[in-house]
Amino acid sequence: MKEKDNIIKAAYITLGCKLNFAETSSLSDVLAERGVERVAEGERADICVINTCSVTETSNHKCRQAISRAMRENPGAMVVVMGCYAQLAGKQLAETEGVDVVISMEDKSRAPEIILSAYGDFREASENACFNIEGKVSLHRYSEVARKDIRTFVPSCSRGERTRYFLKVQDGCDYFCTYCTIPIARGRSRNGSVADIVAQAEAAARSGGKEIVITGVNIGDFGKSTGETFFDLLVSLDKVEGIERYRISSIEPNLLTPEIIDFCGESQRFMPHFHIPLQSGSDDVLRLMHRRYDTELFASRIDYIRRVMPDAFIGVDIIVGTRGETDAYFEDSYRFARSIDVSQFHVFSYSERPGTAALRIPYVVDDKVKHERSKRLLALSEEKRLAFYERRIGETRPVLTEQNHVGLGAKGFTDNYVRVEMPIEAGERPVNEITKCVLTGFNADKSALVGRIADL
Ligand code: SF4
């Protein structure tokens with residue numbers, strides 16, 4: 001398809017985690033500097049970039065659907081696939097009709113060049129092809145890179161269409177939990193230097209950023225490739241003028257040290273908000289998962305956070321139905337989950353992943369049973385979330401406005417990650433502003449608390 005007025009238009013489709021969003025957003029920023037504009041809603045693109053996820057078999061399926069949809073909605077466009085699914089199934093994707101470029105995890109650092117040079121060839125091949133205007137050639141370009149050769153850390157700090165910035169500090173993982181393919185897809189643990197990352201945070205502050213989410217794959221493992229520590233990084237980021245809020249996206253319980261918790265408790269900028277993967281509340285299942293802690297350590301981390309920051313929001317990941325999770329083990333897990341004072345569970349159903357050690361565990365959990373277990377934990381999660389929100393009613397807390405719709409009022413999050421609706425007319429509270437709010441009660445569907453602007 002011939003670009004209009006020689007301006008190349010690109011559509012970006014991202015699946016998966018915060019890290020993927022940060023990476024797509026950074027890529028679109030770099031390509032924008034090279035004259036590739038992001039398409040507007042409903043506009044046809046010359047290039048479609050799909051950043052994929054492969055955490056479950058369902059994610060793979062969704063990626064394939066996203067690729068077909070991009071082709072359908074942008075006939076004749078060059079199709080680029082990157083991300084975890086591209087790393088794990090690159091060859092198969094590159095052979096797919098309509099897919100032009102598959103970028104491996106290692107080549108991500110050269111993505112802008114790869115895309116622009118391929119686009120030149122793609123245009124030429126399209127013009128030379130004796131098809132009608134709607135037909136297209138497929139480049140099927142792909143260079144395979146083995147896990148052991150994924151070494152480059154690609155920095156990224158961007159906000160895309162959001163209010164808060166996503167700052168990537170680390171990539172890859174060396175933990176090899178038995179159910180997880182991420183170490184295979186993203187390679188060994190590596191990170192940027194504290195100095196480089198601080199410089200990115202300073203740049204975000206200069207562009208008006210107020211809140212930064214620190215993201216990565218196993219961020220507590222920060223420092224592997226520079227000899228620094230995650231604690232060093234937090235201390236340095238805490239000094240960046242202009243950034244008022246930091247959130248730690250997710251951190252392994254064994255890497256969330258009392259020192260880090262104390263530091264967040266004293267800091268004005270690090271929010272009372274933690275996201276900690278538990279994965280199972282059964283020590284037997286944690287052993288089968290090759291996780292690096294037991295429930296005793298996990299509980300001690302929760303207790304310590306509650307001592308230092310009693311009102312902290314604590315989100316916890318938990319998987320149901322992993323291989324080996326017998327009924328008895330699940331009951332242990334459920335009992336433990338009920339016993340810990342956390343704010344919400346993110347519940348995931350185990351999904352068989354090629355190349356993972358879990359496949360050697362003979363005991364398989366039936367999908368119906370998985371579904372039942374998931375329902376019970378989701379109900380428990382809602383109980384805990386409502387109790388946590390209830391405890392906030394009457395408090396006055398700072399809220400960062402993230403959305404503002406005429407007649408619908410403004411929406412945002414408190415420091416301790418409570419969703420707030422401020423029923424005021426648009427314009428009174430601009431987006432990306434922090435406002436003190438009195439939390440007066442639940443909204444209609446109890447998905448948020450209502451915030452009244454506190455008397456200044
Ligand atoms: S810590 Fe475990 S679950 Fe998390 S990315 Fe690494 S291997 Fe996967």
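Details
- Given (1) part of a helix (DSSP H, G or I); (2) charged (D, E, K, R); (3) within 16 Å of the ligand (Cβ to nearest atom), index of the condition D196 fails: (3)
- Failed item in (1) more than 16 Å from the ligand (Cβ to nearest atom); (2) within 27 Å of S59 (Cβ to Cβ); (3) of a type outside the set (V, I, T); (4) not in a loop (DSSP other than H, G, I, E, B), with A185 passing the rest: (1)
- The stretch 154-178, residues that are open to solvent by 30 Å² or more (accessible area, probe 1.4 Å), within 16 Å of the ligand (Cβ to nearest atom) and in contact with a strand residue (DSSP E or B) (Cβ under 8 Å, 6 or more places away or on another chain): none
- The one condition from (1) within 11 Å of A10 (Cβ to Cβ); (2) under 18 Å from the mean Cα position of the chain (by Cα) that E37 does not meet is (2).
- Filtered residues of the stretch 337-376 (kept if among the basic types (K, R) and either surrounded by fewer than 13 Cβ atoms within 10 Å (Cβ to Cβ) or not in a loop (DSSP other than H, G, I, E, B) (or both)): R338, R360, K368, K370, R373, K375, R376
- Residues in the stretch 199-221 that are closer than 14 Å to V154 by Cα and either open to solvent by 10 Å² or more (accessible area, probe 1.4 Å) or away from the ligand (no atom under 16 Å from the Cβ) (or both): Q200, G216, V217.
- Residue that is touching an Asp or Glu at 6+ places or on another chain (Cβ under 7 Å) and at pLDDT 95 or above, where the choices are V102, V80, V49: V80
- Hey, R151 part of a loop (DSSP other than H, G, I, E, B), open to solvent by 40 Å² or more (accessible area, probe 1.4 Å), within 16 Å of the ligand (Cβ to nearest atom) and free of Cβ contacts under 8 Å to residues at least 60 places away in the same chain or not: no
The values are calculated or read from the model by the stated rules, or taken from the named source; none is laboratory data. Note that this is a predicted model, so its numbers are computed, not measured. No Cβ is skipped: glycine too gets one built from the backbone with ideal geometry, and neighbour counts run over all protein chains shown. For the accessible areas, the whole protein counts, side chains as well, though only heavy atoms, and no ligand, DNA or RNA atoms are used. Shrake-Rupley method; radii C 1.70, N 1.55, O 1.52, S 1.80 Å.
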